[in-house]
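Right, one structure below, let's go through it.
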Amino acid sequence: MEQQHRAVIVGAGIGGLTAAVALNRRGWQVTLLERATDLAPVGAGIALAPNAQRALDVIGLGDRVRELSAWQGDGGMRTPAGRWLSRTDAEAAAARFGGPLVLLHRATLVDLLTSALPEGAVRTGVTATVTDPGDDHRPARLTVSDAKATDRGEIEAGLVIAADGIHSATRRTLFPDHPGPRYSGSTSWRVVVPAPARPFAPHETWGAGRLWGSQPLKDGRVYAYAMAVAPAGAHAPDDEKAELLRLFGDWHHPVPEILAGVAPDRILRHDVHHLPDPLPAFHRGRVALLGDAAHAMMPSLGQGGNQAVEDAVVLAHHARTTPGFVPGRALAAYTADRLPRTTAIVRKAARTGAITMLSARPAVALRTAAVGAVSRFGPGLALRGFDGICDWNPPVDPVPPAGDATRPA
């Protein structure tokens, strides 16, 4: 394999896998290196908004994702006692943004993406470190080793995509002076459980310094997520189910029923970090940062994974194969497209997250009144907050089908 035709992707999360599919369709020979020993997703559910679905259209997977949509009716926001503060109309959202919100298990999306890759493109149990980002005249270099440290060596690549997450080692290598991720002040929990016997409408419930969401999946299960203000690195003194029962056990249906069906060892808990300080660029030499490695954000807008998917197709758009691939020019265009957009979304997610996690009683009362007032004007006003986010469209020229692309020079 000639190195100038080779794209190496570090990290096999949603963004890395999407980039692998998109670049493969551009004619790149893709190698995806994942540190974990398998692709079992860390996480539970992911909500794909219309902007990410349109990005997936570019690689031929958009309609397959839309078929998994489970949200057909209304949802909304509630108080812990169960009072509806606002209602969200699925049809109104789809009409405004060009499609439905699709919630699916991360494992389902991983399977869809890996099925679109050539056999052997993904290598697990491999640690990769960028040792030289390269430039227009020399390739990038990486040191790789397997999980048992029995196979270690150096490889070269014409393009390297770092999708290695919020604590990205590649980001630290490229931008050592950047302050890195910051703790948001909140921790999160995620679970997937069988649906409770009593039906419920999808909802997100805001309390004082606490949040709970219950969303149905297409397969009949429920994806539930929670957040609460907590010190960094804190853990339950007993187990996380007991902690969730203390925080949310007396909230409205279906929260207690969902918690009753959760096994303590199936609860994922992670502190919420983000990158409030934007990077100077999303690239250096032949290396590009993608997803959380570039612009980790709070989950309050549900856009983290969506923006990684956008990154992937925009990057592949600029990694053009004719008349020749010039790394500096292509990756500068990628930065120019993605840095302003994602910076704005990171900041909006931080503002929304701060409102969500208000804990002082007067501030919570004011927030509740404001949400109720906005809801009286109908779902359109509430949906307006996603204008400029969910209505995004990918670059105009489509990636050609696999096998039709001219190889990069």
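The values are calculated or read from the model by the stated rules, or taken from the named source; none is laboratory data. The shown structure was predicted, so the numbers you read here are calculated from the model rather than taken from an experiment. Note that each Cβ is placed from the backbone with ideal geometry, even for glycine, and that neighbours are counted across all protein chains shown. Ligands, DNA and RNA are stripped out before the accessible areas are found, and what is left, the full protein with its side chains, is counted by its heavy atoms. Shrake-Rupley method; radii C 1.70, N 1.55, O 1.52, S 1.80 Å.
The table for this structure:
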| quantity | calculated |
| --- | --- |
| Residues (more than 17 Å from Arg182 (Cβ to Cβ) and within 15 Å of the chain's Cα centre (by Cα)) located in region 304-337 | Gly305, Asn306, Gln307, Ala308, Val309, Glu310, Asp311, Ala312, Val313 |
| Region 77-100: number of residues that are within 26 Å of the chain's Cα centre (by Cα) and open to solvent by 70 Å² or more (accessible area, probe 1.4 Å) | 4 |
| Test: residue in region 261-276 that is at pLDDT below 95 and of a type in the set (D, E, K, R) | yes |
| Subset of region 315-328 (residues that are part of a helix (DSSP H, G or I) and either aromatic (Phe, Trp, Tyr) or crowded, with 24+ Cβ neighbours inside 10 Å (or both)) | Leu315, Ala316, Pro327 |
| Number of the exception - Asp74 against (1) open to solvent by less than 70 Å² (accessible area, probe 1.4 Å); (2) of a type outside the set (A, V, I, L, M); (3) within 19 Å of Val255 (Cα to Cα) | (1) |
| Residue count, region 101-117 (criterion: among the charged types (D, E, K, R) and over 19 Å from the mean Cα position of the chain (by Cα)) | 0 |
| Matching residues in region 118-145 - criterion: being under 26 Å from the mean Cα position of the chain (by Cα), aliphatic (A, V, I, L, M) and either over 30 Å from Asp63 (Cβ atoms) or open to solvent by less than 20 Å² (accessible area, probe 1.4 Å) (or both) | Ala121, Val126, Ala128, Val130, Leu142, Val144 |
| Residue among Ala288, Ala354, Ala333, Ala293 that is touching a helix residue (DSSP H, G or I) at 6+ places or on another chain (Cβ under 9 Å), part of a helix (DSSP H, G or I) and either in contact (Cβ under 8 Å) with a residue 40 or more places away in the chain or open to solvent by less than 10 Å² (accessible area, probe 1.4 Å) (or both) | Ala293 |
| Breaking point among (1) assigned to a helix (DSSP H, G or I); (2) under 20 Å from Ala293 (Cβ atoms), for Val30 | (1) |
